[in-house]
Amino acid sequence: MRERKRRGHSRYYLFFVLSLVTLLGVVGGVYYLLRSLDILRVEKILISGNKATDLSLIRKVTDNYLGVNLLAVPTAALKHDLLRFSRVKDVRIRKTLLHTLKVQLTERQGAIYLRTVEGDLYPVDEDCVILARYDLIYNEDLPVFSTHFSNAQLKAGKKIKSAGLSRVLQFHKQLSHEAADFLPRVSEYYLVDNTVYMIDAISGTRIIPPKVDLAAQIKRYLFVSENGNIGNHKLLDLRFDKQVVVKAEQ
């Protein structure tokens, strides 16, 4: 008996490929048709997350997309333009049918002020990036760190390379994690022999912080400050285990 010849499956593959190409063509055609519809024109742009960046500056960028088809808005280009502002760290864009564009900003937060040789203050975030200040009033309550930088060296958006600044910011980050309640009392940081010192804004006391048990030593300092008789404007060393040591005047 002769064996029946098997038919190949190539025709099914070909049918599948043709169907897929047809489907993609239809979807692509519908998409490009939607990109041309007036009903999908951007009429409203909602902006959120901007606390320091002036809204008018953001509007100068986003308003360029009013009247543009919602699906045709180039989100990558819009995000790139907004990230040019030194305060803007991240941008999320959502397109909401039928005509709304939502722009959510995540801003860089000031960690400290850099004081220049001219005496001006520039906010800096924890990544050493100089932040723009859009108001003549210093709205952010931040500790000050005096430097040898000039105004000409500090441009908004520029990342500053300085071993001393990095050391201060590293300690500031540790303090904000371990003893955040004490941060509002810190008026200034400074360096002595590469050691970070801080100044208590309330008492004027200069403090040498510990490398370990920071939160416990801060609590110990506050207890002594409130109940002891050490006076103001003293130099206290918290580097000794479970002790608050009054140092000789320097």
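The values are calculated or read from the model by the stated rules, or taken from the named source; none is laboratory data. Quick caveat, the model's predicted, so the values are computed rather than measured. Ideal geometry is used to build each Cβ from the backbone, glycine not excepted, and the neighbour counts take in all protein chains shown.
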Problem set entry | Subset of region 142-170 (residues that are in a helix (DSSP H, G or I) and crowded, with 19+ Cβ neighbours inside 10 Å) | Leu165, Val168, Leu169
Exercise. How many residues does region 84-140 contain that are assigned by TED's automatic domain parsing to the domain that holds Lys155, modelled with pLDDT under 95, more than 20 Å from the chain's Cα centre (by Cα) and among the hydroxyl-bearing types (Ser, Thr, Tyr)?
Worked result: 0
For this session: Within region 48-74, track down each residue that is over 24 Å from Ala156 (Cα atoms) and hydroxyl-bearing (Ser, Thr, Tyr).
Result: Tyr65
Seminar exercise, completed: Out of (1) exposed (fewer than 13 other Cβ atoms within 10 Å of the Cβ); (2) of a type in the set (Ser, Thr, Tyr); (3) in contact with a Pro (Cβ under 7 Å, 6 or more places away or on another chain), the one Tyr189 does not meet is (1)
Exercise. Do the conditions hold for Tyr122, that is, is it touching a Lys or Arg at 6+ places or on another chain (Cβ under 8 Å), buried (at least 18 other Cβ atoms within 10 Å of the Cβ) and under 29 Å from Arg84 (Cβ atoms)?
Worked result: yes
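Which of the residues belonging to region 30-59 are touching a Leu at 6+ places or on another chain (Cβ under 8 Å), in a helix (DSSP H, G or I) and modelled with pLDDT under 85?
Hits for region 30-59 are Tyr31, Leu34, Ile39, Leu40.
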Exercise. Taking region 199-250 as the search range and keeping residues that are under 36 Å from the mean Cα position of the chain (by Cα) and of a type in the set (Gly, Ala, Ser), which one is nearest to Pro143 (Cα to Cα)?
Worked result: Ala201
Seminar exercise, completed: The number of residues in region 97-124 that are free of Cβ contacts under 8 Å to residues at least 24 places away in the same chain and in contact with a Leu (Cβ under 9 Å, 6 or more places away or on another chain) is 4
Exercise. How many residues, within region 40-93, are among the small types (Gly, Ala, Ser) and either buried (at least 17 other Cβ atoms within 10 Å of the Cβ) or closer than 14 Å to Thr106 by Cα (or both)?
Worked result: 4
Exercise. Pick from Gln174, Gln217: which is at pLDDT 95 or above and either surrounded by fewer than 17 Cβ atoms within 10 Å (Cβ to Cβ) or among the basic types (Lys, Arg) (or both)?
Worked result: Gln174
